[in-house]
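Asker: Mind looking over this structure? Questions follow.
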């Protein structure tokens, strides 16, 4: 299902979309596939695969650690494409999140082509702003990949309008000024940012990320956003579990709790 | 050589040809735009410029000398003129950049500055400027480097800065830079990121170049005064590349002056253990700009290796990438061994202990001297940027030459 259809369907059901994030190859390629499929089955509407990168400046300690583990275990860009293929074949809607250099190294057009054929519907680019994205915009148009750029509480009205105009599928609103990682409370800056995005474009789907870690927070964010993006809290289920079975249990339980959260706005 | 009007670069979006630009989270764009605007207004403000020049002259000891190194010249068969940035306050060219940026932070009303540091020199310089201008200062330093450079950690703390050891990734300079960026994303409202080299997202490569650009302006005037003509070549070491761009920039329009950047070749570029981003790397995006960097086939950053902590970085400033592609400057690697031989040579011929970084520039000058002599049919004149003094490297050099106990067993403070 395309991202737009996922958001449209959720709108009809009067709920938010749950986007669950997991690094590719963490802790191994096969384990990460299993985790993502479990997340999908337990209620994540969209699986956001993160391509592990050596210098993830937008990520907090949990995703850094998971990415380091994946890289230390030898995950390659081509493995990430394989993972996307497996997870989308299992019926999940998949988007990829990646820092820009791995794509530039792969070849921008070739990457868009292979991403599309692996079954991903979109790409989130945390360190690529539309100002530098001419090549990506051309390649993503050609291969029909949705583009998600980020907006932040610090973004000016002009930049929000420009960024949203370059997005397709959904825009990623970072709820606070900071890096990824669950927080004890939902940012007070998030509702205002969502309002400002709607002023620029009343129709674009808005996913809110950074800081959401449980069902209650998911419900709070679902009250004003079209999508709730959760990463670190899900990853921690696996990262901190004493054994694999426990990790998967926790992952399923949290996914289900979050799925309930986005439905109880 | 038909290079276009180089000094007008970068363009308004910070591009030097295909290099530079801004590859950053959107959250930082507003701060970078504000910095850009503040910098442009400061540049045009005579009062700001007067304050900057006053601090350089009366606090930092700038302009630094241009010294004719007679005994070294005899050894190398070239007239070697040393730009003595090692004599500046805090012992390196970096004081120029930190004073400029700290003044900018004040102008923007930001009470806090953060900095990344490898060996600690930029951290010490930042802490110095912060103390002078009454700013809070936090320095991120890889845990590995805090252990290797305990003395500089103590210096920063004495100056009132907070030093935060970075424990993730490779625990070196690139990870300190990542952590500083993460801090900045969170604190950008009240914090200026005092970036230590002419790299990173626009406008940093341009403003750092301009703050250190006095090195070349001074050297050019000094050599004209001394010799009545321009030199045949200018040589500098290149890590991130701030001292090199600082001395190159004023000479770029002088087509007869050859520009040489010497990268850290570590154990040799062919061994893979080096920090030579241009001669041993490829084009990509790292830390906010497109440039040459050390990366694997998947675009993951590869760790750099160099005996010189200040050159031990897997990227290089975007203007160097551009100068390389246009052919206006030539970049070559210098190995650890070659640098250390030049280090000794300067100690023994001139009584000057250089920073190991600067020893790379000296080793490079020794390499090009015979080539230039042959090409020109006379003794060439080479200006070498002696970017820093070697006090901080005494332990490393002492251990390297076996004239001191290994670094680990030296009590910090004994050899300062």
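Asker: For the structure I just gave you, tell me whether residue B:202 is touching a helix residue (DSSP H, G or I) at 6+ places or on another chain (Cβ under 8 Å), touching a residue at least 60 places away in the same chain (Cβ under 8 Å) and part of a strand (DSSP E or B). First the steps, then the outcome.
Answerer: Details: touching a helix residue (DSSP H, G or I) at 6+ places or on another chain (Cβ under 8 Å): yes; touching a residue at least 60 places away in the same chain (Cβ under 8 Å): yes; part of a strand (DSSP E or B): no.
Answer is no for this residue.
Asker: Report yes if residue A:191 is more than 12 Å from chain B (Cβ to nearest Cβ), out of contact with any helix residue (DSSP H, G or I) (no Cβ under 7 Å at 6 or more places or on another chain) and not in a helix (DSSP H, G or I), otherwise no. Can you show your working first?
Answerer: Working: more than 12 Å from chain B (Cβ to nearest Cβ): yes; out of contact with any helix residue (DSSP H, G or I) (no Cβ under 7 Å at 6 or more places or on another chain): yes; not in a helix (DSSP H, G or I): no.
Against the criterion (more than 12 Å from chain B (Cβ to nearest Cβ), out of contact with any helix residue (DSSP H, G or I) (no Cβ under 7 Å at 6 or more places or on another chain) and not in a helix (DSSP H, G or I)), residue A:191 does not qualify.
Asker: Does residue A:83 satisfy being closer than 28 Å to residue A:7 by Cα, facing another protein chain (nearest Cβ under 8 Å), crowded, with 24+ Cβ neighbours inside 10 Å and touching a residue at least 24 places away in the same chain (Cβ under 8 Å)?
Answerer: Numbers: closer than 28 Å to residue A:7 by Cα: yes; facing another protein chain (nearest Cβ under 8 Å): no; crowded, with 24+ Cβ neighbours inside 10 Å: yes; touching a residue at least 24 places away in the same chain (Cβ under 8 Å): yes.
In short, no.
Asker: Does residue B:163 satisfy the criteria of being under 20 Å from the mean Cα position of the chain (by Cα), assigned to a strand (DSSP E or B) and closer than 28 Å to residue B:109 by Cα?
Answerer: Values: under 20 Å from the mean Cα position of the chain (by Cα): no; assigned to a strand (DSSP E or B): yes; closer than 28 Å to residue B:109 by Cα: yes.
In short, no.
Asker: Quick one: how many residues across region A:86-115 are within 12 Å of another protein chain (Cβ to nearest Cβ) and surrounded by fewer than 20 Cβ atoms within 10 Å (Cβ to Cβ)?
Answerer: 2
Asker: Scan region A:138-156 for residues that are more than 11 Å from chain B (Cβ to nearest Cβ) and either at positive phi or over 19 Å from the mean Cα position of the chain (by Cα) (or both) and jot them down.
Answerer: Pass one, region A:138-156, residues more than 11 Å from chain B (Cβ to nearest Cβ): A:138-148.
Residues satisfying the conditions are A:138, A:139, A:141, A:142, A:143, A:144.
Asker: Let me ask something else. Can you tell me which residue in region A:239-253 is surrounded by the fewest Cβ atoms within 10 Å (Cβ to Cβ), limited to those that are under 18 Å from residue A:25 (Cα atoms) and in contact with a helix residue (DSSP H, G or I) (Cβ under 9 Å, 6 or more places away or on another chain)? It would help to see each step written out before you state the result.
Answerer: So in region A:239-253, the residues under 18 Å from residue A:25 (Cα atoms) come out as A:239-241, A:243-245, A:247-248, A:251.
Then keep just the ones that are in contact with a helix residue (DSSP H, G or I) (Cβ under 9 Å, 6 or more places away or on another chain); that gives A:239-241, A:244, A:247-248, A:251.
Details: A:239: 16, A:240: 11, A:241: 15, A:244: 13, A:247: 20, A:248: 19, A:251: 25.
Out of the qualifying residues, it is A:240.
Asker: Quick check: anything in region A:126-135 within 26 Å of residue A:9 (Cβ to Cβ), surrounded by fewer than 21 Cβ atoms within 10 Å (Cβ to Cβ) and touching a residue at least 12 places away in the same chain (Cβ under 8 Å)? First the steps, then the outcome.
Answerer: Of all residues in region A:126-135, those within 26 Å of residue A:9 (Cβ to Cβ) come to none.
No, that holds for no residue.
Asker: So is residue A:36 in a helix (DSSP H, G or I), more than 14 Å from every other protein chain (Cβ to nearest Cβ) and within 17 Å of the chain's Cα centre (by Cα) or not? Outline the logic, then answer.
Answerer: Working: in a helix (DSSP H, G or I): yes; more than 14 Å from every other protein chain (Cβ to nearest Cβ): yes; within 17 Å of the chain's Cα centre (by Cα): yes.
Yes: the conditions hold for residue A:36.
Asker: Further, regarding this structure: Output yes when any residue across region B:266-288 is within 14 Å of chain A (Cβ to nearest Cβ) and part of a helix (DSSP H, G or I), and no when none is. Before you say what the answer is, go through the steps one by one.
Answerer: Restricting attention to region B:266-288, the residues satisfying the condition of being within 14 Å of chain A (Cβ to nearest Cβ) are B:277, B:281-288.
Next cut, part of a helix (DSSP H, G or I) only: B:277.
Yes, region B:266-288 contains at least one residue that is within 14 Å of chain A (Cβ to nearest Cβ) and part of a helix (DSSP H, G or I).
Asker: Could you look through region A:59-74, keep only residues that are surrounded by fewer than 24 Cβ atoms within 10 Å (Cβ to Cβ) and outside any helix (DSSP H, G or I), and pick out the one that is nearest to the other protein chains (Cβ to nearest Cβ)?
Answerer: First pass over region A:59-74, keeping only residues surrounded by fewer than 24 Cβ atoms within 10 Å (Cβ to Cβ): A:60-62, A:65, A:68-69, A:71-74.
Of the ones still in play, those that are also outside any helix (DSSP H, G or I) are A:60, A:73-74.
Working: A:60: 8, A:73: 13, A:74: 11 Å.
Looking at the filtered set, the residue picked out is A:60.
Any read-out appearing in this document is the output of simple, stated calculations on the displayed coordinates, not a laboratory observation. It should be emphasised that the depicted structure is a prediction, and the values quoted were computed from it without experimental measurement. Positions of Cβ are backbone-derived with ideal geometry, glycine not excepted, and every protein chain shown enters the neighbour counts.
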